[in-house]
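The values are calculated or read from the model by the stated rules, or taken from the named source; none is laboratory data. Keep in mind that this is a model prediction, so the values were computed, not measured. As a convention, Cβ positions derive from the backbone with ideal geometry for all residues, glycine included, and neighbour counts pool all protein chains shown.
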Amino acid sequence: MPDGDRLTKPLTREPEKGGDDTGPTRPAVPKPDGGNELLRRMKKIDPDQAKRYRQRSGQ
Amino acid sequence: MSNTSPADANASAGLILAGIETEYGFTVEGRSADDQIEDAIAFVRGYPGPCFAGWDYCYESPRADLRGFRLDRLAVDPEDAKRDTGKTYGTPHEVRSDRILPNGARFYNDHGHPEYATPECWSLDELVLHDTAGQFVLLRAARVLSEATGRAVSVYKNNTDFHGSSYGTHENYLVPRELGFERLYAAVTPMLIARQILCGAGKVGSESGPRADFQLTARGDFFAEPANAETLFRRPVFNTRDEPHAAPQTWIRLHVISGDANMIPSCTRRKVGLVKLALMLEIAGQAPRWNIPQPVRAFSALSRDETREFRIALDGRNWTTAYDVIESYLAAAEQTLELNAEFKSLVAECRELLSDLAGPGALAPRSIDWAAKKELLEAYRGEAGASWREPVLQAYDLEYHNIDPAEGLYFALESMEQVDPMPSLDERLARIESAPERTRAFARGLAVSRFSNLLTRACWRSITLDLEGQELELELPPNKLYSAQLEAADDVGTFIQILRNS
């Protein structure tokens, strides 16, 4: 990171050439019978799941 | 009903037509990425809801560049291309599986991913509803594919496979052509870089450059140039594709490809709202000017900043912060624009989150995906004594984005009221079949739901009807306020007449 000055304001805009001035209800998630729903789901996840996850490149 | 053009007449009021297109990740049990194009075709074609198959490709121009030239070809990811060695998928029309939904959305397969492009919306809240409604469309199609194949299908609203393949969530903003590339680039690029602190989805690890434990964004590893028209390889921070999907002499569709897929609806709203704010300011000639000489490096550095200092290098060895960049837009908007209630709320919310991130960071996990994900992972690490390199952390990252409400970790947080709430289920379900009012999507959607027997093709820009053997293409200008009376048209003649008089 450079060690120049911190600028807290933007640059002054240059005048434009011409132009004009035109300008819930919750989802159907089953409620846990007590305990922590997040932990319950985390325990079910295969630890190597993302290691196997492969996708085609997209945009 | 007024014929006033909101985009022309009062863009400062926030009336910029916008949409979001999301390529979803997905897995089919027992299948691999080598099968993904065939699986994506089957995924989309199995959608069980009402839809029309007949997308009109005649106005597509993905190789046109806003800077006034046209690429000979678009680059492809060489690693990805290896998967297609020796394979043939048929003609482009045989491969493409576009479906137009009654809500005006386009559901299709783009390369190897099912993609949902929302209908065009005027308001942020309406766009969030349609973005989340898209998740139901994907889920319905996934369940049909699973039943048809007997294989488990999982769908992820994310942007990476953690192994170097990325797929996008793109935003589209229709703005007047006279803004041109240079003004758009100057006005929007600083915001694209800075906004990630308020709307990044977060990611465990890195897929290019030095190793990172955790990043603010999923896409930060995939940008190679400040500006170009590419989307598959050598992606830019600012995309210059010039494909307006409207009269090209009048409109530019700003195609933003640097954002992440968000699970928290308020994060989606903020992501789009901040770019709209930059555009509204530029239309008014008031957008701040920040000279960021190396946008790619700045984007990546911010994504990897775990200090929450969020520095951005400027010209001449000076620097600023993402806080100051965003605040400059918020202040300019308050001082120079007549903000409607939606944007006043956006400005207030962003200020609150900026203040929180600069301080305790207690609010951020409720409203920002990266912060929610990081808090979840840090809690696990504290409990299990796990390092960031444990594979299970990327597994949790992936499952945060699982769109099945009964499985995804985001939805667990939502059910436990740990994150900002979803819009109501009724509102989201209604958007599967109803288009945003007063938009051209409203006319497109009605053509699909009411006159599909006469519809020969349709796209963002027009619909074409077969009237007793004569084709009639009806242009759908984007800046019209489409009449609600269209819905009451009993016959196609009345529909056309109201459309023309809207």
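General observations
- Residue list for the range B:387-406, filter: over 24 Å from the mean Cα position of the chain (by Cα) and more than 10 Å from chain A (Cβ to nearest Cβ): B:Ser387, B:Trp388, B:Arg389
- Helices (runs of 4 or more DSSP H) fully within the range B:419-502 counting 3 or more residues that are touching a Pro at 6+ places or on another chain (Cβ under 9 Å) and of a type outside the set (Gly, Ala, Ser): B:425-430, B:440-450
- Which numbered condition B:Gly259 fails, given (1) surrounded by 22 or more Cβ atoms within 10 Å (Cβ to Cβ); (2) more than 18 Å from the chain's Cα centre (by Cα): (2)
- Between B:Ile292, B:Ile312, the distinction of being within 13 Å of another protein chain (Cβ to nearest Cβ), among the β-branched types (Val, Ile, Thr), in a strand (DSSP E or B) and more than 15 Å from the chain's Cα centre (by Cα) belongs to B:Ile312 only.
- Members of the range B:138-176 that are out of contact with any Phe, Trp or Tyr (no Cβ under 6 Å at 6 or more places or on another chain) and part of a helix (DSSP H, G or I): B:Leu139, B:Arg140, B:Ala142, B:Arg143, B:Val144, B:Ser146, B:Glu147, B:Ala148, B:Thr149
- Annotation: of all residues in the range A:34-59 being surrounded by fewer than 18 Cβ atoms within 10 Å (Cβ to Cβ) and modelled with pLDDT under 95, the one that is farthest from the other protein chains (Cβ to nearest Cβ) is A:Gly34.
- Yes/no for B:Ala105 being within 20 Å of the chain's Cα centre (by Cα), modelled with pLDDT of 95 or more and within 14 Å of chain A (Cβ to nearest Cβ): no
- Condition met for B:Ala301 (out of contact with any helix residue (DSSP H, G or I) (no Cβ under 8 Å at 6 or more places or on another chain), within 13 Å of chain A (Cβ to nearest Cβ) and farther than 20 Å from B:Asp125 by Cα): yes
- Selection within the range B:35-74 - more than 22 Å from the chain's Cα centre (by Cα) and in a loop (DSSP other than H, G, I, E, B): B:Gly46, B:Pro48, B:Gly49, B:Pro50, B:Ala53, B:Gly54, B:Cys58, B:Arg67, B:Gly68, B:Leu71, B:Asp72, B:Arg73
- Within the range B:108-132, if we keep just the residues that are touching a Lys or Arg at 6+ places or on another chain (Cβ under 6 Å) and away from chain A (no Cβ under 12 Å), the residue that is nearest to B:Arg270 (Cα to Cα) turns out to be B:Leu124.
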